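In what follows, a structure is listed as structure tokens, so that the remarks can point back to it.
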Amino acid sequence: MNRQKRSRHHRLKRAVAPYLYLSPSLVIIGLLMLLPMVTVIGYSFQNSAVLRRDPSFAGLKHYQAIFADPVFWASLWHTLYFTCMSVVFHMTIGMIFALMLNSDRINPTLRNILRVLYILPWLFTAVIIAVIWRLLLEPNGVVNSILMQLGLIGSKIEWFSSPETALHAVTFANIWAGYPLFMVSLLAGLQGIPKDFYEAADIDGAKAYQKLIFITIPQLMPIIISISLLDFIWTMQVFPLIWITTGGGPIYSTEVLSTYTYKLAFSSYNLSQAAASAVIILLISLGLTLFYIRYQKAR
Amino acid sequence: MAEVILENICKTYGNNFRAIDQLNLLVEDGEFLILVGPSGCGKSTALRMIAGLEDITSGSLRIGGVDVVDMPPKDRDIAMVFQSYALYPHMTVFENIAFSMRLAGKPKAERKKRVDEIAKTLQLTSLLDSKPANLSGGQRQRVAMGRAMVREPAAFLMDEPLSNLDAKLRVQMRAEITSLQKQLGVTTIYVTHDQIEAMTMGDRVAVLKGGVLQQVDTPKRLYESPVNAFVAGFIGSPSMNLFEGTLTGDELTASTFAIRLQDAAFVRRPGLRSYEGRKVVFGIRPEDLYDSSLESGRKYQTIPAKVTSIEELGSEHIVHLNIDAVRVDSGDPDAVDDFGLASNAVARFEPASAVHSGAEIRLAVDDAKFHFFDPETHLAI
């Protein structure tokens, strides 16, 4: 009798224990993530959210206002351009550097030096990167002076302050800041590819580009897809780099969803509409995340 | 199909470590040659040098009459089967086998025809659309073979291709590879550390130790007339028992016992007389030791021995013994020291033997089967 009771007690303990261990993190996630998220979704359906004590229900009014706003569509397009270009170049540059660092044709000492150099951009926070590139791309900065001395440009270009170049300039700065993640991940992947694969291919008569296409890239595919998806999700939400370099200007030419939302909230104090904009970003990110999770599960 | 000729091949690494020292080998057209030796003996390095995956420091290498020393692997007309099989996990069996043809830009129809032929030979037809991850060890092994066969090379190079298989499958694949090689008639160089593979598969076996070739011969001659104590100890399982003894007249004396040698022993080895009064290493294989209480052991001289343990295998008993003599190390770094605590000799008894662990027995020795080696050089006398 007593023994039966004890065994039931033991079973119960075993069943509950995992949830007890999980509970602190679940509570923290709930308080810090779910609660604000739900609150913001609530705001997006209210008139004068936060500003008034008894806000009235607004329905889809704020969403309609956003979709009618040409600046929103411009910032959506800028976000897509900024994100796609960043991911593609992060991957390409990361891959090239990873292949270089993995090559045994380069002297090992030089390889170690290069590895440190290549990883440097990763060590800087967004603010520092923004400041560095603002200084470099200043009309009287280093980049202009080099390009002019090489005769590539005739007059000084105002990279961040002309609507034609500003979006490319911030994208460029973001590419520079973000490729090391790809480089490091792909390098780890490259080092995990068995040497036998390449030796077997050598015997079969594969040329260098064939080894890249038939062995290296297929072997790295899981890493390429995972990191690209993550990078896509992160880059879509980049705020500080753009805020500090251009602030979304000139004339909205670098406005992205994050700066657009920020301005709605803290320049126009239209917190309800900002909440609606934030919900739209959330939905896009959620879509990408679900895609990522499904991909991870499929593996 | 071609001869493979290695002349004075050396391999020295940057730190002056000599992995291969003056290797001379002639592998005849269609021959199945086994390169065998303990780990670190340079056998894989030698094979990789033939494949072109490793530079040759000095010496000459000809495959099918062509000097290939400075040629990249793809021009040497060889195919290699790797220990890991090196199958591409993202490709199907078909794509793996057809890979070299695809690289060479062969048309699809031709690739299909050739791969189908090979798949039929190797019984892989139903697996052509599978990925390597879904195959068993033996099937992967066959795919690796198929990938080598598709190129119709002048020579096959195989680097321990069976070492990833379990014991039963290994026995089966051993037979499959041997018969496949006979059927195809392609010159094959096969590296292994397993002396059973060496003995059962090859036309000839080359034994390497420390980068130096010890002996190349047929398995039978290698077993019966090893050129030195290392080959004697390495070939055969369990290993040959090697002891120190002193030769006095016709008598071979170890610590406390003596064995009278027959004239034939001296007739066969004229050099043996010169060891009169000196130390000599003598070796005897486990199957030449008998249980003196059984019929088979009656006709031989006996020496005292103590049984330390017995492994009953059904068809025979592997009996670990301690005899009063100093054991000699054959120099095989891989040798399992089954002479650990109390035993220094191994015998194979018939299953009828009733000896038990701890028993003091009389051990019958077939002295006609003794091998003799110089105590300094370990060369056969």
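The values are calculated or read from the model by the stated rules, or taken from the named source; none is laboratory data. Predicted, not measured: the structure shown is a model, and the values here were computed from it. Cβ atoms come from the backbone with ideal geometry, glycine included; neighbour counts cover every protein chain shown.
Filter region B:141-160 down to the residues that are buried (at least 24 other Cβ atoms within 10 Å of the Cβ), in contact (Cβ under 8 Å) with a residue 40 or more places away in the chain and basic (Lys, Arg) and list them by number.
B:Arg147
Could you tell me which of the residues B:Ser126, B:Ser84 is more than 14 Å from chain A (Cβ to nearest Cβ), farther than 18 Å from B:Ile34 by Cβ and surrounded by fewer than 19 Cβ atoms within 10 Å (Cβ to Cβ)?
After applying the criteria, what remains is B:Ser126.
Quick check on region B:32-58: of everything there that is touching a helix residue (DSSP H, G or I) at 6+ places or on another chain (Cβ under 8 Å), hydrophobic (A, V, I, L, M, F, W, C) and away from chain A (no Cβ under 14 Å), which residue is surrounded by the fewest Cβ atoms within 10 Å (Cβ to Cβ)?
Ranking the qualifying residues of region B:32-58, first place goes to B:Ile56.
So the check is Cβ under 6 Å with 6+ separation or different chains; which pairs have a first residue in region A:277-299 that's surrounded by 12 or more Cβ atoms within 10 Å (Cβ to Cβ) and a second one that's not in a helix (DSSP H, G or I)?
Hits for this filter: A:Val279/A:Ser44.
Only one of (1) among the β-branched types (Val, Ile, Thr); (2) assigned by TED's automatic domain parsing to the domain that holds A:Gly248; (3) surrounded by 13 or more Cβ atoms within 10 Å (Cβ to Cβ) is not met by A:Thr109, so which one is it?
In the conditions (1) among the β-branched types (Val, Ile, Thr); (2) assigned by TED's automatic domain parsing to the domain that holds A:Gly248; (3) surrounded by 13 or more Cβ atoms within 10 Å (Cβ to Cβ), A:Thr109 misses (3) alone.
Does region B:59-73 contain any residue that is within 12 Å of chain A (Cβ to nearest Cβ), buried (at least 18 other Cβ atoms within 10 Å of the Cβ) and under 28 Å from the mean Cα position of the chain (by Cα)?
Within region B:59-73, one or more residues are within 12 Å of chain A (Cβ to nearest Cβ), buried (at least 18 other Cβ atoms within 10 Å of the Cβ) and under 28 Å from the mean Cα position of the chain (by Cα).
Look at B:Asp29 and say whether it is surrounded by fewer than 21 Cβ atoms within 10 Å (Cβ to Cβ), away from chain A (no Cβ under 14 Å) and not polar (S, T, N, Q). First the steps, then the outcome.
Details: surrounded by fewer than 21 Cβ atoms within 10 Å (Cβ to Cβ): yes; away from chain A (no Cβ under 14 Å): yes; not polar (S, T, N, Q): yes.
Judged against the criteria, B:Asp29 is a match.
Find the helices (runs of 4 or more DSSP H) located wholly in region A:196-299 whose residues include 1 or more that are closer than 25 Å to A:Gly94 by Cα, and list them.
In region A:196-299, the matching helices (runs of 4 or more DSSP H) lie at A:208-211, A:217-236, A:240-245, A:271-298.
Of everything in region B:90-122, what is within 14 Å of another protein chain (Cβ to nearest Cβ) and part of a loop (DSSP other than H, G, I, E, B)? Give them in sequence order.
Result: B:His90, B:Met91, B:Thr92, B:Ala104, B:Gly105, B:Lys106.
Helices (runs of 4 or more DSSP H) wholly in region A:1-113 with at least 3 residues that are among the hydrophobic types (A, V, I, L, M, F, W, C) and free of Cβ contacts under 8 Å to residues at least 60 places away in the same chain - which ones?
Those helices (runs of 4 or more DSSP H) span A:2-29, A:70-102.
Give the number of residues within region A:72-90 that are under 15 Å from A:Ala173 (Cα atoms) and among the hydrophobic types (A, V, I, L, M, F, W, C).
Residues that pass the stated criteria total 6.
Can we say A:Gly189 is part of a helix (DSSP H, G or I), among the small types (Gly, Ala, Ser) and more than 13 Å from every other protein chain (Cβ to nearest Cβ)?
Yes, satisfied.
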